[in-house]
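Encoded as C-alpha cells, the structure appears first; notes follow it.
The values are calculated or read from the model by the stated rules, or taken from the named source; none is laboratory data. Note that the structure is a prediction, hence the values are computed from the model and not measured. Positions of Cβ are backbone-derived with ideal geometry, glycine not excepted, and every protein chain shown enters the neighbour counts.
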Protein chains: 2
Amino acid sequence: MGCSRYNGLMRLRKKTEESGADATGGGLRDERKLRTRRALMDAALELIQGERSFSSISLREVAKVAGVVPAAFYRHFSGMEDLGLALVDDSFRTLHTMMREARSAPLPPSNLIANSVATFLKYSQDHRPHFEFIAKERYSGSSAVRLAIRREIRLWTSELAADLAPFPKLKSFNGDDLRMMAGLVVNTVIAATELILDVDTKDTAEVARIHRNAEKQIMLIFLGAAAWKSQA
Amino acid sequence: MGCSRYNGLMRLRKKTEESGADATGGGLRDERKLRTRRALMDAALELIQGERSFSSISLREVAKVAGVVPAAFYRHFSGMEDLGLALVDDSFRTLHTMMREARSAPLPPSNLIANSVATFLKYSQDHRPHFEFIAKERYSGSSAVRLAIRREIRLWTSELAADLAPFPKLKSFNGDDLRMMAGLVVNTVIAATELILDVDTKDTAEVARIHRNAEKQIMLIFLGAAAWKSQA
DNA sequence: CGAACAAGTCAACAAGTGTTCACTGAAAGT
DNA sequence: ACTTTCAGTGAACACTTGTTGACTTGTTCG
C-alpha cells in the first residue's frame, strides 16, 4: 500500500529530472500541471502511431503511458473528446507555423511548386504524430473532433487561396474559384501525406515516388488554372 | 433458462419472416447461414452510421444488433478484422458495379464531366453505409483493412485511367501520367463524397454546393490535362 | 507560520470486453 | 429411419473500461 504510493511519486520525480534541472522558472505549480498535460497529449499521440486510432484508445491507456493514475486525467481534460480537441489545436498550430515560415522565406518562382511540395512533405514527416492524428480522425472521430479538423482545413485552404491570389496567371480567378483551386491543392497534398504515413520511413524510393506524383499533380492543377476563366 | 433459449429462436424466426416466405429455394441450411452472415455485416454497417467508427465497435455489439449470441459470430468470421475485410470486398463490389453500368451507357461528351460527377455522387448517397465505411477505415482501420482499401482504390484508379486513355485530348499522356491524372480525379471525387457524408441528407443546398465544387475541380483538371505534355 | 488550494494517489463500482466450452436441435446425408 | 453435421445457444473466464469519492502532500498565499 505504502509501497505503491511511493511508486507514483517516483514516476513524477523521474519526469522532472527528464525535463532537466534547469526548470527553475517561477510558478512551479502551474509548470508541473502543464507538463503532465503535455505528457497526456504526447501519450495519446504515441498510442496512435501504427495500428490504433484515437477513437479506439482508452483513457486508462493514455493515463498509464503518461505515467499517471486514471483519475488524474480528469484534472486536465473532461474526457477523451476534450483531449482530442486539444490535439487538433496542437496539430494545426504546427501547420500554421510552417506556413508562416514558408511565407517569410520567398522562393524563386521558377521551381516554386516543387520546392513547396518538398517543404511540406518534409515537414509532415518531421511532425508525423500530429499529421497521423489528423489523417486518422478527419473522418472517423467524434463529430466534435471531425468538425474542428474540417474547420481548420477550411481555414488553411483560405490562407492558401490568399497566397495564390497575387499570381499573375491567376488574375482571372474570382474568390470562389480561387478557394476551389486551393481546395484541390490542399486535398492533393493531404492525400500524399496520408500515403507517406503508411510507408516505412526507410523506404526512400517509395517516398520519392509519392513525392514526384504529388508534384506532377499540382503542376497539372496550375496548368489547368492558367487556362481557366471564371464566369462572373 | 428455457425461456431465454426460446428468445433466441424467436429472433431467428422473425428474421426469416422479414425476408419473406418465398425463400423456398434449395439449400435451406446454407441459405440461413448466408442470411446470418449478411445480418452481421449489416449490423456492423448500421453501428458505424454517425459517430462511431468500425475500429471502435465491439464484436458483442455487432452480434447483438444482428440478433445473435456473441459466440455465433465465430461461425462466420474469425474476428472483427475478418469482418472488416469482408466489408471492404462488399463495398467495392457495389462501386465496380456502378462503374460497369456507367461504361455501358455512353454519355454525350458535351457535358460528360458534369454527368459523371452527378452519377457518382448520387450513387454514393444511395449506398451511404458502404461509402461511410470506406471513408472511415481508409486511414484509421487495422493495417490489413487499410491495405485492402488502398489496393481497391488503386485498382479503381487504373480502371479510370483505362477509360480515359482513348480521349483525343489525352493523346500525349504516357501510362504513368495517365494514372497520375486518374489518381487526382479519384481523390477529388472521394473528397467530395466524404464531405457529403457529413452533411444532413435534407440539406440539398449544401449538397449542391459540394457538387458544383467537385465539378469545377474536375473540369480544372481536364483543362490542365489538355495542356500537359508527358516527357518520355 | 498556518491555512487553503489542487495535482496527484488508491480503491471500489458497475458494465462491458473477447474467447472458450459443452450443449441442442433442425437440416443433410446415408 | 439413423447418424452426422453444424449454426445456433447459454454460461463462465479473466480482463479492461469510465467514473467517483475520500485521501495525501507539496506549493502558494495571507
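Counting only helices (runs of 4 or more DSSP H) that sit completely within region B:39-106, those holding 1 or more residues that are within 14 Å of chain A (Cβ to nearest Cβ), without any contact (Cβ under 8 Å) to a residue 40 or more places away in the chain and surrounded by 15 or more Cβ atoms within 10 Å (Cβ to Cβ) correspond to B:59-66, B:80-104.
Looking at region A:151-194 only, could you name the residues that are at the interface with another protein chain (Cβ under 9 Å from one of its Cβ atoms) and β-branched (Val, Ile, Thr)? Scanning region A:151-194 gives A:Thr188, A:Ile190. Scanning region B:107-149 for residues that are basic (Lys, Arg) and crowded, with 18+ Cβ neighbours inside 10 Å returns B:Lys136, B:Arg138, B:Arg146. How many residues does region B:113-164 hold that are without any contact (Cβ under 8 Å) to a residue 24 or more places away in the chain, in contact with a Lys or Arg (Cβ under 9 Å, 6 or more places away or on another chain) and among the small types (Gly, Ala, Ser)? Residues in region B:113-164 being without any contact (Cβ under 8 Å) to a residue 24 or more places away in the chain, in contact with a Lys or Arg (Cβ under 9 Å, 6 or more places away or on another chain) and among the small types (Gly, Ala, Ser): 1 in total. For region A:3-13, the condition of being of a type in the set (A, V, I, L, M, F, W, C), at negative phi, modelled with pLDDT of 95 or more and within 12 Å of DNA strand D (Cβ to nearest atom) holds for none of the residues. Being at the interface with chain B (Cβ under 7 Å from one of its Cβ atoms) and among the charged types (D, E, K, R) is a property that does not hold for A:Lys202. I'd like the residue in region B:165-185 that is without any contact (Cβ under 8 Å) to a residue 40 or more places away in the chain and surrounded by 19 or more Cβ atoms within 10 Å (Cβ to Cβ) and, out of all such residues, is farthest from B:Asp82 (Cα to Cα). Once the filter is applied, the top-ranked residue is B:Leu178.
Return the total of residues in region B:65-81 being within 9 Å of DNA strand C (Cβ to nearest atom) and more than 24 Å from the chain's Cα centre (by Cα). Of the residues in region B:65-81, 5 are within 9 Å of DNA strand C (Cβ to nearest atom) and more than 24 Å from the chain's Cα centre (by Cα). Does B:Leu34 satisfy being in a helix (DSSP H, G or I), under 29 Å from A:Ser58 (Cβ atoms), at pLDDT 50 or above and more than 14 Å from chain A (Cβ to nearest Cβ)? Here the answer is no, as B:Leu34 does not meet what is asked.
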